[in-house]
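Reviewing the structure listed below.
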Amino acid sequence: MTDAAHPPAHPVIPTASGAEILLRALKDQGVDVIFGYPGGSVLPIYDALFNQNAIRHILVRHEQAAVHAAEGYARSTGRVGVVLVTSGPGATNAVTGLADALLDSIPIVCLTGQVPTHLIGNDAFQEADTTGITRPATKHNYLVKRSGDLARIIHEAFYVARSGRPGPVVIDLPKDILIGKAPYTPPAETPHRSYRPRTEPDTALIARAVAMLKSARRPMIYTGGGVINAGPAASAALARFVHKTGFPCTNTLMGLGAFPASDPQFLGMLGMHGTYEANLAMHGCDVLLNVGARFDDRVTGRLNAFSPDSRKIHIDIDPSSINKNVPVELPIVGDAGRALEALLAAWDADPTPVDRPAIATWWRQIDTWRGNNCLRFTQPHEPGSIIKPQYAIQRLYELTRAVKQDIFITTEVGQHQMWAAQYFKFEQPNHWMTSGGLGTMGYGLPAAMGVQIAHPDALVIDIAGEASILMNIQEMGTLSQYRLPVKVFILNNEYMGMVRQWQELLHGSRYSESYSAALPDFVKLADAYGAVGLRAKSVDELDGVIREMLACDRTVIADIAVDPKENCYPMIPSGAAHNEMILGSESAGGVAGVTDEGKVLV
Amino acid sequence: MAQDSNNGYRTATIAVLVDNEPGILARVVGLFSGRGYNIDSLTVAAVEDNGQRSRINIVTSGTEMVIEQIKAQLDRLVPVHRVSDLSKDGPHLAREMMMIKIICPHQDGGGGNRAEALRLADAFRARVVDASTESFVFEMTGATDKLDAFVELMRPLGLAEVSRTGVAAIARGTRVI
Ligand SMILES: Cc1ncc(C[n+]2csc(CCOP(=O)(O)OP(=O)(O)O)c2C)c(N)n1
Ligand SMILES: [Mg+2]
């Protein structure tokens, strides 16, 4: 590169093809793996991939899975996940993954092929208006129309994907741009001309936050995916801050692992299927500190009854997340990690003492809520007894304690996902991957694939439901091809359990289309893909199957037959307040009172 | 407009400075339709840097919380440089241009309407930019409510067609976006 003051004697004549320039830019961005699927419009990229060794290509079996795999890679490493798909159906197949990454703020760069520029708009073969279709499903997207823009756009896409609130970025690449010669430019060192998210929090606001927190008699710290996205140092800072203050802490579904689940100051997850103590503490607190969470409707329940008596502080990197659902007294824009470091410093700088007796009373109150033991369940142990799904997760958790490897959990979507969140305890960030915002069935298997690619020696388990797993079951082929020893742990209740639960509670037990009929034999299915299939039909078989699964160095599907009638509790029914939670089926009669207004909510 | 309470509904005139790249208008419009915000008026034209930057003026309405949300959502679009809430940040000017066609033939006793239309146009400082024995086209620039009032007065006089630009707005004094 030359700068304006020293123009080159001769203009640089590009010698490499667009496809080669693309790979060079990816290398300069530190990319080591791409999840993709070939097709006509991206053949030049596949040709360039063929001639190099720096970037590994993982061939998925469906483009949606490529994006979820890249999400798993990104969430478990903190790096940008990269996807490559062809034009038309390749791009449209990727849309669900992009929407998933958008709602969960996962950094992805998705390269899509496109018909050559002169054919755009002609309804050419495998043409789709990819930038049009993906505009609301991405953080940003680009159509490269000039070879001279190619390298700059790729670098910019990585910057946009990982900066501020991360998200998916699409680069649509017409075939002529890939074949024609293009100049290379390295990543820019100048700030982006328009996108410069604020990361450093305002110190005056941080000092006000500390003053508010020190005045609290019933404080609560509520943190979300923003702390995870801010990197492991942010989670470490959170733990120091929670310990320094002595305040209780809860995490959202997206935020699990940011604060160690085993810590006595952790109240568990909050929200629709959160713990009784977390939700009641949210309801009863007088000062609420939100770090990197977005007052999502799964968390707040009925808005006008949400944490009614608290003064609220909200720290978020995305100004549009603040004051969106819940008005807050003190909005602070900034990176969660920087903000927590600033809070720690300001806490020490402010001599005001905390009202320790009031806080001790608050903890006594929390302990009485805890005494309710809201996650209790009864597992009969006579041989032949049916397995309770909660018990299956609990045993999975306990038996993995002996495992020396790093453990990563992904999930599909449904009851099993909530049980995984409730009964598997996460001590570190980036080890829990679940589709929180979009709630995409079929997420967990490809996400586990991406995690295993990034961490070849780790233990990666997809906690699945028998319905969800079938949505991307074709990825068993990918696992087999790359010998990825992912463990698929299916809580097989023979129902779309979460749908069945809502039908039971809200629609008079009319189980319309929620029975998982004609299921495959998962053991034979595993076998067909060259994996190991295991099955536990009753409680006496459970530990043996889990042990065998953990000991196996190959891909495993463990089909765990669990109680089809079990519901996921505690539960805040739609449209209810935190203090109206249902603790178990005994009190589920309470939902008969759900209004039509509540029923329209999902 | 109501600007007092947090729950009050208000109209906001928002100016947005953007990179003039393909798809930027679709992005802004898609944001409004996707999130269910109102667009009362929207104008866009290249304004700076040899056409590399455009200014979009949007008139929208909503509660204070919604308008703050609209501004934050606009601001986080990657090609957006600056967002300014002209109706909140201080006094501002907002103008629209309109061309309005009146059909009132000389014959059939329309002569009176023609004279009346010209008189009103004069009073409203509308210019005659086209005339035939059967019609006039008036051009007029001004605040939205002034244009609205003129349209209403022309209605009984043979109003046939209205073409309006939508609002262009700018802050008074030295303040710039
Ligand atoms: C792609 C997709 N389609 C539909 C849904 C709606 N949905 C949510 S949970 C669920 C049932 C999931 O069943 P299963 O995987 O067996 O999990 P379980 O609830 O039984 O544990 C359905 C259909 C969804 N979340 N995602
Ligand atoms: Mg099921």
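The values are calculated or read from the model by the stated rules, or taken from the named source; none is laboratory data. Predicted model only: the values in this text are computed from it and were never measured. Cβ atoms come from the backbone with ideal geometry, glycine included; neighbour counts cover every protein chain shown.
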Checking B:ILE100 against (1) within 19 Å of the chain's Cα centre (by Cα); (2) in a helix (DSSP H, G or I); (3) among the aliphatic types (A, V, I, L, M), the condition it does not meet | (2)
Assuming A:ASP149 fulfils every condition listed in (1) outside any helix (DSSP H, G or I); (2) within 11 Å of chain B (Cβ to nearest Cβ); (3) of a type in the set (D, E, K, R) apart from one, which condition is it?
-> (1)
Any idea which of A:LEU525, A:LEU491, A:LEU459, A:LEU505 is away from every other protein chain (no Cβ under 14 Å), away from ligand 1 (no atom under 16 Å from the Cβ) and either out of contact with any Leu (no Cβ under 8 Å at 6 or more places or on another chain) or within 30 Å of A:GLY36 (Cα to Cα) (or both)?
-> A:LEU459
Out of all the residues in segment A:484-533, which are in contact (Cβ under 8 Å) with a residue 12 or more places away in the chain, among the basic types (Lys, Arg) and more than 16 Å from ligand 2 (Cβ to nearest atom)?
-> A:LYS487
So B:ILE39 clears everything in (1) under 23 Å from B:LYS146 (Cβ atoms); (2) in a strand (DSSP E or B) except one condition, right? Which one?
-> (2)
Would you pick out the residues in segment B:63-97 that are under 30 Å from A:PRO166 (Cα atoms) and not in a helix (DSSP H, G or I)?
-> B:THR63, B:ARG76, B:LEU77, B:VAL78, B:PRO79, B:VAL80, B:HIS81, B:ARG82, B:VAL83, B:SER84, B:ASP85
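Could you pull out every one of the strands (runs of 3 or more DSSP E) wholly within segment A:28-137 that has 2 or more residues that are farther than 24 Å from A:LEU479 by Cβ? Write out each step before concluding.
Numbers: elements: A:33-36, A:56-59, A:81-85, A:108-114.
Correct list: A:108-114.
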Using the structure shown, decide if A:LEU519 is at pLDDT below 95 and either surrounded by fewer than 21 Cβ atoms within 10 Å (Cβ to Cβ) or more than 16 Å from ligand 1 (Cβ to nearest atom) (or both).
-> no
Only one of B:LEU93, B:LEU159 is away from chain A (no Cβ under 14 Å) and free of Cβ contacts under 8 Å to residues at least 60 places away in the same chain; which?
-> B:LEU159
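One residue is enough: does segment B:55-62 have a residue meeting the conditions in a strand (DSSP E or B) and either surrounded by fewer than 20 Cβ atoms within 10 Å (Cβ to Cβ) or aromatic (Phe, Trp, Tyr) (or both)?
yes
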With the first residue restricted to segment A:248-274 and required to be farther than 16 Å from A:HIS578 by Cβ and in contact (Cβ under 8 Å) with a residue 60 or more places away in the chain, and the second required to be among the acidic types (Asp, Glu) and in a loop (DSSP other than H, G, I, E, B), Cβ contacts under 9 Å at 6 or more apart or on different chains are A:MET254/A:ASP104; A:MET254/A:ASP296; A:GLY257/A:GLU427; A:PRO260/A:GLU427; A:ALA261/A:GLU427; A:SER262/A:GLU427
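Would you be able to tell me the number of residues in segment A:447-483 that are within 16 Å of ligand 2 (Cβ to nearest atom) and among the β-branched types (Val, Ile, Thr)?
To start, the set of residues in segment A:447-483 that are within 16 Å of ligand 2 (Cβ to nearest atom) comprises A:462-473.
Remaining after also requiring among the β-branched types (Val, Ile, Thr): A:463, A:469, A:473.
Qualifying residue count for the region: 3.
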Members of segment A:179-236 that are more than 14 Å from chain B (Cβ to nearest Cβ) and charged (D, E, K, R) | A:LYS181, A:GLU189, A:GLU200, A:ASP202, A:ARG208, A:LYS214, A:ARG217, A:ARG218
Of all residues in segment A:373-421, count the ones that are modelled with pLDDT under 95 and surrounded by 13 or more Cβ atoms within 10 Å (Cβ to Cβ).
-> 0
Mind checking whether some residue in segment A:557-578 is within 16 Å of ligand 1 (Cβ to nearest atom), away from chain B (no Cβ under 14 Å), without any contact (Cβ under 8 Å) to a residue 12 or more places away in the chain and among the hydrophobic types (A, V, I, L, M, F, W, C)?
-> no
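Restricting attention to segment A:427-456, report how many residues are within 11 Å of ligand 1 (Cβ to nearest atom) and either in contact with a Phe, Trp or Tyr (Cβ under 8 Å, 6 or more places away or on another chain) or within 14 Å of chain B (Cβ to nearest Cβ) (or both).
Pass one, segment A:427-456, residues within 11 Å of ligand 1 (Cβ to nearest atom): A:435, A:438-444.
So of that shortlist, the ones also either in contact with a Phe, Trp or Tyr (Cβ under 8 Å, 6 or more places away or on another chain) or within 14 Å of chain B (Cβ to nearest Cβ) (or both) come out as A:435.
The qualifying residues number 1.
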Can you find a residue in segment A:579-590 that is surrounded by 21 or more Cβ atoms within 10 Å (Cβ to Cβ) and in contact with a His (Cβ under 8 Å, 6 or more places away or on another chain)?
-> no
Across (1) touching a residue at least 24 places away in the same chain (Cβ under 8 Å); (2) under 19 Å from A:GLN417 (Cβ atoms), A:LEU550 clears everything bar (2)
Number of positions in segment B:131-161 that are modelled with pLDDT of 95 or more, β-branched (Val, Ile, Thr) and out of contact with any Leu (no Cβ under 9 Å at 6 or more places or on another chain) | 2
Considering every residue within segment A:437-448, establish whether at least one is closer than 21 Å to A:HIS68 by Cβ, touching a residue at least 24 places away in the same chain (Cβ under 8 Å), surrounded by 24 or more Cβ atoms within 10 Å (Cβ to Cβ) and among the β-branched types (Val, Ile, Thr).
-> yes
